[in-house]
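The values are calculated or read from the model by the stated rules, or taken from the named source; none is laboratory data. No experiment lies behind these values; they were computed from the predicted model shown. Neighbour counts run over all protein chains shown; Cβ positions are idealised from the backbone, glycine included. SASA here: full protein model, heavy atoms, side chains in, ligands and nucleic acids out. Shrake-Rupley method; radii C 1.70, N 1.55, O 1.52, S 1.80 Å.
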Amino acid sequence: MRYSGFRVLAEGLRGQRGWAPVWRDPEPKPEYDVVIIGGGGHGLSTAYYLAKTHGITNVAVLEKGYLGGGNVGRNTTIVRANYFLPGNQEFYSHSLKLWEGLEQELNYNAMVSQRGIIGLCHSDGQRDALARRGNAILAQGDDAELLDRKGVERLLPFLDFDNHRFPVYGGLLQRRGGTARHDAVAWGYARGADRRGVDLIQRCEVTGIDIEGGVVRGVQTSRGGIRAKKVAIVVAGRSSQVAAMAGMRLPIESHVLQAFVSEGLKPVIDNVISFGMGHFYISQSDKGGLVFGGDLDFYASYAARGNLPMAEHVMEAAMSLMPMIGEARVLRSWGGIMDMTPDGSPIIDKTATEGLYLNCGWCYGGFKAVPASGDALAHLIATDRPHEAATKFRLDRFATGRGLMDEEGTGAQHNLH
Ligand SMILES: Cc1cc2nc3c(=O)[nH]c(=O)nc-3n(C[C@H](O)[C@H](O)[C@H](O)COP(=O)(O)OP(=O)(O)OC[C@H]3O[C@@H](n4cnc5c(N)ncnc54)[C@H](O)[C@@H]3O)c2cc1C
């Protein structure tokens, strides 16, 4: 079923009786060409591009819970391509271009909103660093504008510009950055993959990976064994656990990251704002809630619920930046399990086991990567060669030390990436 304005009108007149389920609920088949473990944003987009770009449709996505129940449905929805280092730059640039055509391509309203993202600076040194980043972004072919204090004032008059500790000096604006409705992105890719014949199998936990003579043969699941010629591990915060089923020890730590939403307010924040003196970012959802988040909880954990010290830290950053937020009530908070690499950049690579692929290490920023990540992993699975936008996301950089991409320049400290 194609969605359109006409369809909405027609269904309105017919009592909404014509809508069909958005995807099937198939039983797992005994064998697939490709099995993707994990029905988050990256697993679903990989399945979609395998089918669409490479014509590989005998594919199953195995999800232990429900589609979109992981980080893809828990994030603060920020989309941007303002990276500094080669490797990250071309990848996120590619991703942003895919975002721009996504809704038409998927025939699904993912509420992609290019409302602009502003990263603030609070010292001369930070302003220099932002100028350098902006130049790198322009050289890559994406958009960046360096704003002075007045330029920021015009867009965000409610900030505490003269805060004693963190006065606002200016910011770097990327107008093409913004937000997207996170779970709709998962649903849109799921629908697109299902329409092309991919089996999306929910409540199917992978409990083992079958390997014979260094070659992957399939997976064991809570719904029985499934044979597969190729298997991709795309499970974000659970990457270490699932890779251990194949005898691998990954350079990944899992940490909880919290997010918060306020009660619904009239439109007040038009852009996405990123604080320069700590990890704090905020935007306003279309329903009116202020959506914001900060740092990891600072210790490795698989708990999908955060702790109060970090909640307090985030609220303090919010109050330093925009004291008016103290008038709003926080409606709820939640957590997601982040797959943190030592350099803060991701991995899309083959493993030492033939036919076994890995996609992980998305740290704080994997939502914006969903389109390009799926495109790149599908390319790797189909051709056994890395996609041109993802050649640097190699697993062996953590063993050799060559090609590390420490985007934030903070070293191997997970909380700082
Ligand atoms: C609070 C928060 C805020 C964030 N904000 C942003 C942001 O603003 N912008 C941005 O770019 N990124 C953001 N991120 C990061 C982003 O959400 C993640 O990097 C990205 O969603 C991870 O990839 P995914 O969608 O595939 O993960 P997930 O949605 O977590 O998918 C992985 C799936 O694998 C499944 N799985 C795990 N183990 C198994 C198994 N054994 N068998 C079968 N299935 C299994 C899980 O159930 C899960 O559904 C944020 C994350 C959090 C938690």
- Query: When you go through Lys29, Lys52, Lys64 one by one, which is the residue that is open to solvent by 20 Å² or more (accessible area, probe 1.4 Å), within 15 Å of the ligand (Cβ to nearest atom) and either at pLDDT 95 or above or assigned to a helix (DSSP H, G or I) (or both)?
  - Reply: Lys64
- Query: Hey, does the stretch 70-77 have a residue that's at pLDDT 95 or above, aliphatic (A, V, I, L, M) and more than 8 Å from the ligand (Cβ to nearest atom)?
  - Reply: no
- Item | Every residue from the stretch 100-137 that is farther than 22 Å from Trp23 by Cβ and either of a type in the set (Val, Ile, Thr) or in contact with a Lys or Arg (Cβ under 9 Å, 6 or more places away or on another chain) (or both) | Glu100, Ser113, Gln114, Arg115, Gly116, Ile117, Ile118, Gly119, Cys121, His122, Ile137
- Filter the stretch 335-354 for residues that are open to solvent by 10 Å² or more (accessible area, probe 1.4 Å) and small (Gly, Ala, Ser); the one that is nearest to the ligand (Cβ to nearest atom) is Gly344
- Restricting attention to the stretch 369-388, which residues are open to solvent by less than 10 Å² (accessible area, probe 1.4 Å) and either within 22 Å of Gln140 (Cα to Cα) or in contact with a strand residue (DSSP E or B) (Cβ under 8 Å, 6 or more places away or on another chain) (or both)? Ala369, Val370, Pro371, Ala372, Ser373, Gly374, Ala376, Leu377, Leu380, Ile381
- Mind listing whichever residues of the stretch 194-205 are open to solvent by 10 Å² or more (accessible area, probe 1.4 Å) and not acidic (Asp, Glu)? Arg195, Arg196, Gly197, Gln202, Arg203
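Residues are listed down the side, and each one gets a yes or a no for (1) over 30 Å from Arg196 (Cβ atoms); (2) modelled with pLDDT under 95; (3) of a type outside the set (A, V, I, L, M, F, W, C):
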position: Glu90; (1), (2), (3): no, no, yes
position: Leu102; (1), (2), (3): no, no, no
position: Ser113; (1), (2), (3): no, no, yes
position: Gly119; (1), (2), (3): yes, no, yes
position: His122; (1), (2), (3): yes, no, yes
- Item | Of all residues in the stretch 105-129 being open to solvent by 50 Å² or more (accessible area, probe 1.4 Å) and aliphatic (A, V, I, L, M), the one that is nearest to the chain's Cα centre (by Cα) | Met111
- What about Leu250, is it closer than 25 Å to Ser373 by Cα and either out of contact with any strand residue (DSSP E or B) (no Cβ under 9 Å at 6 or more places or on another chain) or open to solvent by 10 Å² or more (accessible area, probe 1.4 Å) (or both)? yes
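Mind counting the residues in the stretch 194-223 that are within 30 Å of Glu103 (Cβ to Cβ), more than 14 Å from the ligand (Cβ to nearest atom) and in contact with a strand residue (DSSP E or B) (Cβ under 7 Å, 6 or more places away or on another chain)? It would help to see each step written out before you state the result.
From the stretch 194-223, those within 30 Å of Glu103 (Cβ to Cβ) are 194-204; that's our starting set.
Pick out the ones that are also more than 14 Å from the ligand (Cβ to nearest atom) and you get 194-198.
The next check asks that each one be in contact with a strand residue (DSSP E or B) (Cβ under 7 Å, 6 or more places away or on another chain); those that pass are 194, 198.
Qualifying residue count, the stretch 194-223: 2.
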- Only one of (1) within 20 Å of Gly237 (Cβ to Cβ); (2) more than 11 Å from the ligand (Cβ to nearest atom); (3) modelled with pLDDT under 95 is not met by Tyr364, so which one is it? (2)
- Can you name the residue in the stretch 164-193 that is open to solvent by 30 Å² or more (accessible area, probe 1.4 Å) and more than 16 Å from the ligand (Cβ to nearest atom) and, of all such residues, is farthest from Leu96 (Cα to Cα)? His164
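Tell me, please, whether a residue that is of a type in the set (Asp, Glu) and in contact (Cβ under 8 Å) with a residue 60 or more places away in the chain can be found in the stretch 114-129. First the steps, then the outcome.
Keep residues of the stretch 114-129 that are of a type in the set (Asp, Glu), which gives 124, 128.
Subset that is in contact (Cβ under 8 Å) with a residue 60 or more places away in the chain: none.
No: zero hits.
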- Item | Complete set of residues in the stretch 77-88 that are under 17 Å from Ala259 (Cβ atoms) and open to solvent by less than 20 Å² (accessible area, probe 1.4 Å) | Val79
- Item | First in the stretch 180-203 and aromatic (Phe, Trp, Tyr), second anywhere and more than 13 Å from the ligand (Cβ to nearest atom) and assigned to a helix (DSSP H, G or I), Cβ under 7 Å, 6 or more apart | Tyr189/Leu106
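If you check Pro21, Pro86, Pro30, which single one turns out to be free of Cβ contacts under 8 Å to residues at least 60 places away in the same chain and not hydrophobic (A, V, I, L, M, F, W, C)?
Values: Pro86 fails: free of Cβ contacts under 8 Å to residues at least 60 places away in the same chain; Pro30 fails: free of Cβ contacts under 8 Å to residues at least 60 places away in the same chain.
Exactly one residue qualifies, and that residue is Pro21.
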- Task: Report, by residue number, each residue of the stretch 361-384 that is out of contact with any Pro (no Cβ under 9 Å at 6 or more places or on another chain) and hydrophobic (A, V, I, L, M, F, W, C).
- Result: Phe367, Val370, Ala372, Leu377, Ala378, Ile381, Ala382
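Residue check: is Leu200 touching a helix residue (DSSP H, G or I) at 6+ places or on another chain (Cβ under 7 Å) and closer than 30 Å to Arg127 by Cα? Can you show your working first?
Details: touching a helix residue (DSSP H, G or I) at 6+ places or on another chain (Cβ under 7 Å): yes; closer than 30 Å to Arg127 by Cα: no.
When the stated conditions are applied, Leu200 does not pass them.
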- Looking only at the stretch 315-327, count how many residues are surrounded by fewer than 19 Cβ atoms within 10 Å (Cβ to Cβ) and either under 30 Å from Tyr302 (Cα atoms) or among the charged types (D, E, K, R) (or both). 4
- Do we have any residue at all in the stretch 139-146 that's within 16 Å of the ligand (Cβ to nearest atom) and open to solvent by 50 Å² or more (accessible area, probe 1.4 Å)? no
